[in-house]
Amino acid sequence: MNFVVPDFYPAAAEIFVAVMALVIMLSTTFARSIARSLGYFLCQFTLIAAAFITIGTMHGEVSYTFSNMFISDLMGDFLKVMIYFSMAIALLYGRSYLADRNINKPEYYLLAILMTLGMMVMVTSNHMLTMYIGLEMMSLALYALVAFDRDSARSTEAGMKYFVLGALASGLLLYGMSMVYGATGTLEFSGVAQSVYNQAANKPVLLFGLVFLIAGICFKLGVVPFHMWVPDVYQGASTAVTLILATAPKLAAFAMAVRLLIWGLFDIAEQWQTMLMLVAVASIILGNLAAISQPNIKRMLAYSGISHMGFMLLGLLSGVVEGDRHFALNAYSSAMFYAVAYVIMSLASFGMIILLSRAGFEAERIDDFKGLNKRSPWFAAVMMFVMFSMAGVPFFIGFFAKLSVLQAVVAAGYFWIAAVAVVMSVIGAFYYLRVVKVMYFDEPVDTAPIHAPAELRVLLSANGIAIAALGLAPQALMSICAYALLASL
Amino acid sequence: MEFKTFVFYFLSAILVFAALRVITARNPVHAALFLVLAFFNAGGIWLLLHAEFLAITLVMVYVGAVMVLFLFVVMMLDINLERLRQGFWSYLPVGALIGILLVIEMAMVLGGRYFGLDAMPVPPEPMAGFSNTRELGRVLYTDYVYPFELASLVLLVAMVAAVSLTLRKRKNTKYIDPSLQVSVKREGRVELVKMQAEKED
Amino acid sequence: MTDMQKLYLLVPLAPLFGAIMAGLFGKTIGRAGSHIVTILGVAVAFAASVVIFQDVQAGNTFNGTLYTWMQAGGLTFEVGFQIDALTVMMMLVVTFVSLMVHIYTIGYMSEDPGYQRFFSYISLFTFSMLMLVMSNNFLQLFFGWEAVGLVSYLLIGFWYERPTAIYANLKAFLVNRVGDFGFLLGIGLIAAYTGSLNYAEVFAKANELAGMNMDVTGWPLLTAICICLFIGAMGKSAQVPLHVWLPDSMEGPTPISALIHAATMVTAGIFMVARMSPLFELSDTALSFVLVIGATTALFMGFLGIIQNDIKRVVAYSTLSQLGYMTVALGVSAYSAAVFHLMTHAFFKALLFLGAGSVIIGMHHDQDMRNMGGLWKYMPITWFTSLLGSLALIGFPFFAGFYSKDSIIEAVHASTLAGSGYALFCVMLGVFVTAFYSFRMYFLVFHGKERFGHDHGHHEHHGDHDDEEPATDHHHGLAPGQKPHESPLVVTLPLILLAIPSVLIGFFTIEPMLFGDWFKGVIFFSEHHEGMKELAENFHGPVAMALHGIQSLPFWLAMGGVATAWFFYMIKPEIPAAIQRTFKPLYTLLDNKYYFDRFNEIVFAGGARLLGKILWKGGDQGLIDGLMINGSARLVGWVSRISALFQTGHLYQYAFTMIIGVFVLLTFWLNRA
């Protein structure tokens, strides 16, 4: 057996980010006096440069390297770029917030960049081992980030909970992977797919493993019944971390679901579709109902996130109908569009909380948004865009995201799911509109002027405008999603 | 019954017993020691499968390093056992029910039907001079170099996380920076001041 | 994109830019900045329209998509322009009148705190109207349709502190909703049966549609489509019985009454039907429906103009009546005559409204004609331009209105469609009525005794009828002894500029527009509707037409109307009062506007309220509140409690939930396998 040096070119971005992580670690250690801003700027530089590298090394075909453990395709590249993008924005939004609370240590940025690397590994993995390692890298960094505000009891408690439950979920996932290995004799996704296709796999064992895989995926997505950590962790973590937690990892989890289920186990799609159906419907129902009674906006957004992830799953579960794979591309691209749309909306919603927070004050309650229109009509409008978009009001991006997954579900013939989803999103509109109502019709409780650095204001405005603009012209993003999937499948 | 089969069942029985005791033992130190026992038996089973290197590593790393560290931690932290056990009995029935059902369901799949010798045949005896360690080492640094490198980064994440979450500078510490001590110059130690012998009016 | 396409795009976008600047940055750029930027925007649009007009004259039309918004289920949603003779004429009229109104507004609104907001709205309106007329598909048409409706709603309620304004804009909104419902149904039917929203594609299938019947009901499809579309037009163009909102819309500032509720928006319905002529031509039933509705509006709304005392309301009812004339023309397939009248009407009606506005400024916002009189001395420009506008309105030979109105009457005369006899009667009598109320207003305002400046306690006729209250509520009037004065140049300049086309445009454009090739390929006639052809045979040039007009019945009817008005209001002012006493029931009927409002209030509003009450008490409180809302609130509360029960914060419970999840999935799968 001769060893061939692997082709590093497709993994250029991963290698770059890994090297930069070490550079950040060492440079901030030695340049202690400017470490905080150095860490931040190096981090942003890394993300931007990685985006250029990813786009630069992008090519339309699917290629493998590192003994087929690494896959490079358009879907991965697109998701990676979206991950850099959302991480960069999340870090930018959070910067002043962290500085106000004196937790803007260089380690924060180091962990963020390592977490990004973990997500990149997940997105580009073609092997269960690398998928798991990527997942652990991301999760470990996230556990630490959640507990980063270590003097806050809530933050450390949230970190602890997330860690223990995450470890349990990792265990379940690993168990599932080992079962899949037992059934097919390989851990490589294409090998698994091949084995299933040839009927060589031991099917009962494979399906047994599938249950655990689904459990692991669902935990990362935060859907019922693996959602219990979501509200507590979203609320407990400092808002800057919640912002990170609610955005890029969702894309990575989406990639994990796609790689494991579609790349690896597409031939037993009908089996996992049924399982996803259960969790998706449960999430949409529970997420929307539970969000209604939340006075804390972070908690409300956590439940809303649960229901959004349920919606996203609707796209994944309507790909194959009775052996007919006709709808698959459409359905999966609608799910991808949903995930991207959710990330964009989520960035803006937590960004608004950060905007209204200041040293010693967390704008966490819905009441803190009272009368925002009087304090800043423009940002009230931005928040209104976000809420409308999340509620699925027409001509915001969220509307098209919901529309496209519902179309996929209807095309697959699951009318009852579509009906439940529509009814639940109508109920869900209530709590989004309540925020709009308090902003516009109630008297402000908190009358302090809004203090925020210019870059946060500008970018948050742009984010709000993007939500509206993408709703007016969703076609481009939809086509990108469809094209990226088409070129990768 | 072949001798190997007897050894397998013997080790497995102890393994299962030890694993059960890990979660049922009242004293955390005992629990940790049972875990050590479980690791030893798992190592034994691996030896039966010709995975000598892994077996040795398991004992060395987990028993020799991790568990010893863990034992120290457990012994140093004074854990209130009664608080930990609160609610244990009230949750036991439901938990046990679900647990037993899960075990039954798992047994349906994991039983001999799919994992018996006909479904999963014994791997062929290795040739003479076959080195488990060498084989592992070879694939680890060639085919698996990517996950190997990534694993090192995971460890880095863990290190950074642990340090950043726990390292604190105490305010009342009496620590003196040696580099400052060394770099002190004569002028810094004693300062000669010129002054009048008498006070002028 | 070619240069011309960029120019097409510039026409709607320039006013939009102005609207955005004035709307969002009004405070920053100030009052002057706002009117400069919006006027500039509209002026650019007007200039571009002129260039496009010349281009179209040279024979370059355009029909194409500029931007595809999305494709869903086989339907393409896109933004596209169709530039042809009809469009470019509308563009010219809209941008020109809008430009005049923008300039006029500087003077009229000079003291209003909502100055920037007003400019922003009217520019936004111009953008919406241009999108409507330039569209090449139903979606964009509907967008423009709703957008002008929205701006109209905003502007009627511009003075939102006044309860009457709020009432009026709510009314306009609700009534238009009825029309829009029909319109949307029509578009929906078209989309359902042709699978396209593009005009050209739909028209290509028109003959196919004509032979079809609707799936469920078996109605002839095309008739259903046309009537649905026309219901939309009835709402927007204020045809009986959906006309009730237009008189009330006079609550808005006068410039928008001129721009939106006289010259442009209300003619959108006429424009739309003319644009859809390939469809309407294929359904005689729909055309008869159009004809009868139009004729009824033309005559009966004219009657109401006779008894109004609010100067703006007289003009408003005259607008209703003139819209009726246009609709009649549509009904007899004289689409070009309808559009021709639309154009001339836009100029002279905008002139009359702005003239009325000028009078209102001079009278310090007193709108009651009984307090005016003899104003010609004090406001010479307003007086003279209003006289020209009135002459154009009554169809005095050589004036613009003459050519368009006479053509319509001739076309009705030539028509053989069911209902054309009734229509002819209505339009003939309408001429007399128009002349009467127009000159009643003219004499009351500009001639006779000077009735202003007294302590004209408007309280004595307070409560005469409900709808007059708005006029008296907010008028300030002249103090005793104070004289009215001529308005500033920004007000009178638009009057003069509008007076020119009001007089001349008919003379110069009748030949190309009605009898030439101008609308060839744009407006479609079927073989058996040959009213226009007959007209063309009898046409021997504008001068001959005017000279012939003097010998015809409509001219003498108009003169009769003028004479009657002169006699009643200049010579023997006691006669109207006597008539009013003698024919009390008739007067009461007119005064209550045929009880349309009362009817609507009792039957529709009352019915809706009753239905609402039934649904509320029985359905809502009983079923929905009791069972579903409270029930679902209870359910939600229950679910929340349950989820709170689980969301204890205890780690082991969370973990246990996950295990249960795995257990459920595993069990589920094991049962299936």
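At a glance:
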{"read-out": "Test result for B:Ile98, more than 9 Å from chain A (Cβ to nearest Cβ), touching a Phe, Trp or Tyr at 6+ places or on another chain (Cβ under 6 Å) and more than 29 Å from B:Thr5 (Cα to Cα)", "value": "yes"}
{"read-out": "Given (1) within 11 Å of chain B (Cβ to nearest Cβ); (2) touching a Lys or Arg at 6+ places or on another chain (Cβ under 8 Å); (3) surrounded by fewer than 24 Cβ atoms within 10 Å (Cβ to Cβ), number of the condition A:Val205 does not satisfy", "value": "(2)"}
{"read-out": "Residue ID - farthest from the other protein chains (Cβ to nearest Cβ), chosen from residues in the stretch A:208-218 that are among the β-branched types (Val, Ile, Thr) and closer than 17 Å to A:Phe266 by Cβ", "value": "A:Ile217"}
{"read-out": "The stretch A:456-478: number of residues that are out of contact with any strand residue (DSSP E or B) (no Cβ under 9 Å at 6 or more places or on another chain), loosely packed, with under 15 Cβ neighbours inside 10 Å and at pLDDT below 90", "value": "1"}
{"read-out": "Single match in A:Gly305, A:Gly319, A:Gly310 (criterion: closer than 27 Å to C:Phe663 by Cβ, away from chain C (no Cβ under 12 Å), outside any helix (DSSP H, G or I) and not hydrophobic (A, V, I, L, M, F, W, C))", "value": "A:Gly319"}
{"read-out": "Unique residue being touching a Leu at 6+ places or on another chain (Cβ under 7 Å) and on the phi < 0 side of the Ramachandran plot when the list is C:Thr297, C:Thr285, C:Thr327", "value": "C:Thr297"}
{"read-out": "Test result for A:Leu289, away from chain C (no Cβ under 14 Å), more than 20 Å from the chain's Cα centre (by Cα) and in a helix (DSSP H, G or I)", "value": "no"}
{"read-out": "Options A:Ile89, A:Ile103, A:Ile83, A:Ile48: the member that is surrounded by fewer than 18 Cβ atoms within 10 Å (Cβ to Cβ) and either away from chain B (no Cβ under 14 Å) or closer than 23 Å to A:Met20 by Cβ (or both)", "value": "A:Ile48"}
{"read-out": "The listed residue being in contact with an Asp or Glu (Cβ under 8 Å, 6 or more places away or on another chain) and under 30 Å from C:Ala423 (Cβ atoms), out of C:Gly395, C:Gly389", "value": "C:Gly395"}
{"read-out": "Whichever residue in the stretch A:62-80 is within 14 Å of chain B (Cβ to nearest Cβ) and in a strand (DSSP E or B) and, among such residues, is nearest to A:Ile48 (Cα to Cα)", "value": "A:Ser72"}
{"read-out": "Scan of the stretch A:408-430 for residues that are buried (at least 20 other Cβ atoms within 10 Å of the Cβ) and touching a strand residue (DSSP E or B) at 6+ places or on another chain (Cβ under 9 Å), ordered by number", "value": "A:Ala412, A:Tyr414"}
{"read-out": "Filter result (among the charged types (D, E, K, R) and either within 16 Å of the chain's Cα centre (by Cα) or part of a strand (DSSP E or B) (or both)) within the stretch A:90-145", "value": "A:Glu136"}
{"read-out": "Condition check for A:Ala167: more than 10 Å from chain B (Cβ to nearest Cβ), among the small types (Gly, Ala, Ser), surrounded by fewer than 20 Cβ atoms within 10 Å (Cβ to Cβ) and not in a helix (DSSP H, G or I)", "value": "no"}
{"read-out": "Hits in the stretch A:243-286 (condition: closer than 22 Å to A:Gly166 by Cα and among the charged types (D, E, K, R))", "value": "A:Lys250, A:Arg259"}
{"read-out": "Flag for C:Phe181 being touching a helix residue (DSSP H, G or I) at 6+ places or on another chain (Cβ under 9 Å) and at pLDDT 85 or above", "value": "yes"}
{"read-out": "Helices (runs of 4 or more DSSP H) (entirely within the stretch B:107-201) containing at least 1 residues that are basic (Lys, Arg) and away from chain A (no Cβ under 14 Å)", "value": "B:186-189"}
{"read-out": "Residues of the stretch C:141-170 classified as within 25 Å of C:Ile225 (Cβ to Cβ) and surrounded by 24 or more Cβ atoms within 10 Å (Cβ to Cβ), total", "value": "3"}
{"read-out": "Qualifying position, being touching a helix residue (DSSP H, G or I) at 6+ places or on another chain (Cβ under 6 Å) and either among the small types (Gly, Ala, Ser) or part of a helix (DSSP H, G or I) (or both), among C:Gly80, C:Gly149, C:Gly64", "value": "C:Gly149"}
{"read-out": "Selection from the stretch B:20-48 of residues that are exposed (fewer than 15 other Cβ atoms within 10 Å of the Cβ) and free of Cβ contacts under 8 Å to residues at least 40 places away in the same chain", "value": "B:Leu20, B:Ile23, B:Thr24, B:His30"}
{"read-out": "Test: residue in the stretch C:302-311 that is in a helix (DSSP H, G or I) and surrounded by fewer than 24 Cβ atoms within 10 Å (Cβ to Cβ)", "value": "yes"}
{"read-out": "Residues located in the stretch C:185-201, provided they are hydrophobic (A, V, I, L, M, F, W, C), out of contact with any strand residue (DSSP E or B) (no Cβ under 7 Å at 6 or more places or on another chain) and surrounded by 18 or more Cβ atoms within 10 Å (Cβ to Cβ)", "value": "C:Ile187, C:Leu189, C:Ile190"}
{"read-out": "Only one of A:Val405, A:Val382, A:Val386, A:Val423 that is of a type in the set (A, V, I, L, M, F, W, C), at pLDDT below 90 and assigned to a helix (DSSP H, G or I)", "value": "A:Val423"}
{"read-out": "Qualifying positions in the stretch C:1-48 - touching a residue at least 40 places away in the same chain (Cβ under 8 Å), of a type in the set (A, V, I, L, M, F, W, C), assigned to a helix (DSSP H, G or I) and farther than 16 Å from C:Ser120 by Cβ", "value": "C:Met4, C:Leu7, C:Leu9, C:Val11, C:Ala43, C:Phe46, C:Ala48"}
{"read-out": "Subset of the stretch A:1-13 [at the interface with another protein chain (Cβ under 9 Å from one of its Cβ atoms) and either part of a helix (DSSP H, G or I) or among the polar types (S, T, N, Q) (or both)]", "value": "A:Ala11"}
{"read-out": "Of residues in the stretch A:150-164 being within 7 Å of another protein chain (Cβ to nearest Cβ) and under 16 Å from A:Met228 (Cα atoms), the one surrounded by the fewest Cβ atoms within 10 Å (Cβ to Cβ)", "value": "A:Val164"}
{"read-out": "In the stretch C:300-335, residue modelled with the lowest pLDDT [restricted to those that are over 19 Å from C:Glu251 (Cα atoms) and β-branched (Val, Ile, Thr)]", "value": "C:Ile306"}
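Rundown of residues vs (1) buried (at least 24 other Cβ atoms within 10 Å of the Cβ); (2) within 25 Å of the chain's Cα centre (by Cα); (3) within 21 Å of C:Ser288 (Cα to Cα), yes/no style:
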residue: C:Ala350; (1), (2), (3): yes, yes, no
residue: C:Pro380; (1), (2), (3): no, no, no
residue: C:Ser390; (1), (2), (3): yes, yes, no
residue: C:Ile408; (1), (2), (3): yes, yes, yes
residue: C:Ala414; (1), (2), (3): no, no, yes
residue: C:Val445; (1), (2), (3): yes, no, no
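So that you can scan it fast, the table gives a plain yes or no per residue for (1) modelled with pLDDT of 85 or more; (2) within 24 Å of A:Met138 (Cβ to Cβ):
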{"site": "B:Arg138", "(1), (2)": "yes, no"}
{"site": "B:Thr142", "(1), (2)": "yes, no"}
{"site": "B:Ala151", "(1), (2)": "yes, yes"}
{"site": "B:Val157", "(1), (2)": "yes, yes"}
{"site": "B:Ala161", "(1), (2)": "yes, yes"}
{"site": "B:Arg168", "(1), (2)": "no, no"}
{"site": "B:Lys171", "(1), (2)": "no, no"}
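The values are calculated or read from the model by the stated rules, or taken from the named source; none is laboratory data. What you see is a predicted model; the values in this text were computed from it and never measured. Methodologically, a virtual Cβ is constructed for each residue, glycine included, from the backbone with ideal geometry; neighbour enumeration extends over all protein chains shown.
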